[in-house]
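Quick notes on the structure that follows.
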Amino acid sequence: MSNYLHNYLSGEWQAQADAANLLRDPVTGEHIASTGGRATGLEAGFEFARSKGAAALQAMTYGERAAMLDQVLKVLQANRDAYYDISLANSGTTKADSAVDIEGGCFTLGYYAKLGASLGDARTLLDGTPAIYSKDKLFQAQHILTPARGVALFINAFNFPSWGLWEKAAPALLSGVPVIVKPATVTAWLTHRMVADVIAAGILPAGALSIVCGSSAGLLDQLRPFDVLSFTGSADTAVAIRSHDAVARHSVRTNIEADSLNCSMLGPDAVPGSASFDAYVNELVREMSTKSGQRCTATRRALVPSSVYGEVAEAVSARLAQIKVGNPRNEEVRMGSLVSREQYDNVQAGIRKLASEAKTLYDGSSQPLVDADPAVAACVSPTLFGVQDADQAALVHDHEVFGPVSTLLGYRDTAHALELAHRGLGSLVASAFSEDAAWLATTAQALAASHGRVHTVTPEVAKTQTGHGNVMPGSIHGGPGRAGGGEELGGLRALAFYHRRSAIQGSAQTLENLSATAKAWTV
Ligand code: NAP
C-alpha cells in the first residue's frame with residue numbers, strides 16, 4: 001500500500017510509520033490508503049503552530065488573510081477533479097453527493113474570503129460602542145476582539161471530509177488562528193489531499209495548517225489555555241472530549257457538533273397535491289437520499305397532520321422506489337454507499353431498532369443493488385418508517401440512524417407538532433412547509449427554542465430555497481442540547497469563537513486611539 005497519509009506537523013511531512021489503519025473503497029472493499037497510529041511529534045507540532053503559525057498569521061491584517069483564503073480557494077478549484085475521484089473511491093458517493101462536500105467547502109471558503117476583505121487593514125475588531133462610566137464622559141469602556149493566541153484543533157466526522165475542514169478553517173484562518181485538523185480516519189484521504197495541495201502551493205505561512213491522520217491518541221493532551229477545540233462527531237465521543245483532563249483543566253474553549261434528530265413539519269393547511277404538500281414530499285426524499293442520509297442535518301422525523309399521513313406515506317414511498325442504489329460509478333445510480341461496512345452495520349442495527357416500534361412504510365432493500373455486491377458494499381436502500389399516532393413512539397426521538405432512514409409521525413394540531421419537535425431535545429434544524437406565512441412565522445419562533453436553524457418554505461420560495469439540510473455560511477450551524485450546544489458559521493459571528501473578547505477601560509482619548517485602527521464587528 002503506497003498511498004500512505006503522512007502527518008504534517010512543525011512545517012514538515014512526518015516519516016511513515018507502520019500502517020495502523022487501512023482505508024477502503026466502501027463499494028468494492030478494495031484498500032485505497034493507509035495511515036499510521038498514534039502520531040509522534042505532537043508536542044513540538046502544537047508549539048510550532050502556536051509560535052510560528054499564529055505569529056505569522058496575526059502579523060497580517062484581516063484583508064491580507066482574506067486574500068490568502070481566496071488563493072487557497074483557487075488551489076482547490078485547480079485540483080477539483082482529483083477530489084471527485086477521491087470522494088468516489090473513499091466515500092462511495094455519486095458526483096452530485098461529492099459536490100455537496102467539495103463545492104460546499106469551496107463555497108464556504110469563497111464566502112469568508114469575500115467577507116474578510118470587508119474588514120480591510122484592521123487587526124482588531126470592535127464589539128459594540130463605548131459604555132460611559134463618568135459624569136464628565138471621559139472614562140469609558142470599549143469591548144474588543146483580538147485573535148486567540150493558541151491553535152484551533154479540529155476533530156472532524158467522516159461524512160464531510162472537505163466541507164468539515166473548510167467551514168471551520170476559513171473563519172479560523174481569517175481570524176489569524178492556526179489550524180490542526182484530525183479528520184475521521186475512515187474518509188481521511190480527501191482532507192489529506194486538500195491539505196497537501198494547499199501546503200504545496202506555499203500560500204500559508206509555516207505552522208498555519210497541520211494535519212494528523214489515523215489516531216486521535218494524545219491530541220487532546222496537547223491543549224493549552226488559549227487553544228480552541230472544535231469537535232464534530234457522535235455524542236458519546238463528545239462526552240469523552242468534554243471531560244478530558246486538559247480541556248477541563250485549561251478551560252479550553254470547545255465547540256461541539258453532535259447527533260441531531262432534525263424534523264420537518266408539514267403545515268396543518270396541507271392538502272394532497274397542493275404546492276406545499278409537493279414541496280414537502282420532494283424535500284423529504286432529497287433529505288433521505290442525499291449522501292445516503294449521512295448528513296448531520298438530515299430529516300429524521302417527518303411530522304405531518306394525521307389527516308394526510310396516508311397520502312404523504314404513499315407519495316414519499318413512490319418517489320423512494322425510483323431511487324437506484326449501488327455503485328456510484330454506474331450513471332444510473334442515484335444513491336451510492338455509506339462510508340464503511342461498519343457504518344452499514346450501525347445503520348442496519350438502527351433500522352432494526354426503529355422497526356421495533358414503527359411500521360415500515362417503505363423498504364427499498366428488496367430492490368437489487370446496481371453493480372455492487374451486497375455482501376461487500378456498504379450500500380443501504382432507503383427505509384421510511386411511520387407511526388400514525390405519534391404519541392406511541394419514543395425511540396424515534398432518541399435514536400439517530402445515520403443513513404437513508406426517516407420516520408413519518410402523525411400530529412393532531414400545531415401544539416402537538418411542536419411538542420413532538422421539542423422531543424428531539426435540541427436539534428440542528430427544523431423545517432416547516434405551508435402556504436400560511438403567518439402560521440410559519442409563529443411556528444418558527446416556537447421551534448427556535450430547541451433548534452439552531454428553522455427553515456420555512458412557502459410555495460413562492462419552493463424553487464429558490466436553499467434546502468432543509470444545506471448549511472449556508474451566512475446562517476449559524478449548531479444546535480442546543482443533544483446537538484452539542486455548538487455554534488459555527490453565521491457570517492462574521494463565526495469569528496467570535498477564534499477571538500478573545502476583552503473590555504478595555506480608559507480615557508475617551510485612549511479608546512479613540514484604539515478604535516482608529518480597529519474595525520467594527522457588525523454581524
Ligand atoms: P465519532 O466516532 O465520534 O468520531 C468523530 C471524530 O472523533 C473522528 O475524527 C474520530 O477519530 C475522533 N475520535 C474518536 N474517539 C475520540 C476520542 N476518544 N478522542 C478524540 N477524538 C476521538 O463520530 P463519527 O462516527 O465519525 O461521526 C458520526 C456522527 O457525527 C453522527 O452521529 C453525526 O450525528 C455526527 N455529526 C454531526 C455533525 C454536526 O454538525 N452536528 C456533522 C457530522 C456528523 P477516528 O475516526 O480516528 O476514530
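Every read-out reported here was derived from the displayed coordinates using simple, explicitly stated rules and does not represent laboratory data. Just so it is clear, the structure is predicted and the values come from calculations on it, not from any experiment. For neighbour counting, all protein chains shown are included, and Cβ atoms are generated from backbone atoms with ideal geometry for every residue, glycine included.
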Could you give log10 I(q)/I(0) at q = 0.08, 0.11, 0.12, 0.13 Å⁻¹ for the chain, computed by the Debye formula over C-alpha point scatterers of equal weight, without solvent? -0.53, -0.96, -1.12, -1.27
Estimated dipole of the range 8-137 in Debye, rounded to 20 [Cβ of Lys and Arg +1, of Asp and Glu -1, Cα centre]: 520 debye
Have a look at the range 385-523 and give its Rg and Dmax from the Cα atoms, expressed in angstrom. 20.2, 67
Please give the charge dipole size of the range 57-197, origin at the Cα centre, charges +1 on K and R Cβ atoms and -1 on D and E Cβ atoms. Round to the nearest 20 debye. 380 debye
For a bin width of 10 Å, list the pair-distance distribution of the range 1-160 built from all Cα-Cα distances, rounded to whole %. 9, 23, 31, 22, 9, 4, 2, 0
Pairwise centroid distance, computed over Cα atoms, of the range 103-174 with the range 237-281, Å: 23 Å
What percent of all Cα-Cα pairs in the range 2-92 falls into each 5 Å bin, going from 0 up to the bin containing the maximum distance? 3, 12, 13, 14, 17, 18, 14, 7, 2, 0
Among residues other than VAL186 whose Cβ falls under 9 Å from its Cβ, what is the net charge (Lys/Arg +1, Asp/Glu -1)? 0
Below 8 Å, C-alpha to C-alpha, sequence gap of six or more: please give me the relative contact order for the chain in percent. 19 percent
Which residues among the range 194-234 fall inside the zone where the amide N is under 15 Å from a point 7 Å beyond the Cα of ALA248, along Cα→Cβ? 221
So what's the angle, to the nearest 10 degrees on a 0 to 90 scale, between helix 62-78 and the longest Cα principal axis of the chain? 40 degrees
Considering every Cα-Cα pair within the range 141-295, what fraction, in whole percent, is farther apart than 26 Å? 40 percent
Give me the percent of DSSP beta bridges within the chain that run antiparallel, rounded to the nearest 5. 40 percent
Around LYS324 (Cβ within 11 Å, Cβ-to-Cβ, excluding LYS324; K/R +1, D/E -1) the net charge comes to -2
Computed over the range 237-293, Cα set: Rg, Dmax in Å: 19.7, 58
Isotropic mean projected area of the C-alpha convex hull, the range 54-120 (nm²): 5.0 nm²
Which listed residue (SER276, CYS106, PRO171) has the Cα farthest towards the positive end of the charge dipole for the chain, taking +1 on Lys and Arg C-beta and -1 on Asp and Glu C-beta about the Cα centre? PRO171
Counting other Cβ atoms within 10 Å, keep those with at most 10, restrict to DSSP loop, and tell me which GluC sites (Glu not before Pro) in the range 318-385 are left. GLU331, GLU332
For the pairs LYS95/LYS353; LYS182/LYS519; LYS74/LYS291; LYS291/LYS463, note any where the Cα-Cα span goes beyond 29 Å. LYS95/LYS353; LYS182/LYS519
What's the longest bit of the chain with no exposed trypsin sites (Lys or Arg not before Pro), using DSSP loop states and at most 13 other Cβ atoms within 10 Å as the test? 138-462
Can you tell which of TYR62, ALA390, GLN14 lies farthest toward the positive end of the dipole of the chain, using +1 and -1 charges on the Cβ of basic and acidic side chains (Lys, Arg; Asp, Glu)? TYR62
Where does the range 257-358 land on Rg/Rh, using Cα atoms and the Kirkwood Rh? 0.99
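Over the range 346-457, what lengths in whole Å, largest first, do the semi-axes of the equivalent ellipsoid take, defined as the square roots of 5 times the eigenvalues of the alpha-carbon gyration tensor?
Taking √(5λ) for each eigenvalue gives 30, 15, 13 Å, largest first.
Dipole size in debye (nearest 20) for the chain around its Cα centre, Lys and Arg Cβ +1, Asp and Glu Cβ -1?
Dipole size: approximately 1340 debye.
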Which residue, GLY45, LEU320, LEU447, has the largest displacement toward the positive end of the dipole of the chain when charges sit on each Cβ (Lys, Arg +1; Asp, Glu -1)? GLY45
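Can you compute the equivalent ellipsoid semi-axes for the range 312-358, i.e. the square root of 5 times each eigenvalue of the Cα gyration tensor, sorted largest first and rounded to whole Å?
Computed over the range 312-358, the values are 22, 20, 5 Å.
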What number in nm² do you get for the range 390-454 if you take the convex hull of its Cα atoms and divide its surface by four? 4.7 nm²
Helix-only estimate, please: 222 nm mean residue ellipticity of the chain, summing -39500 (n - 2.57) across DSSP H runs of length 4 or more and dividing by its residues, to the nearest 500. -10500 deg cm²/dmol
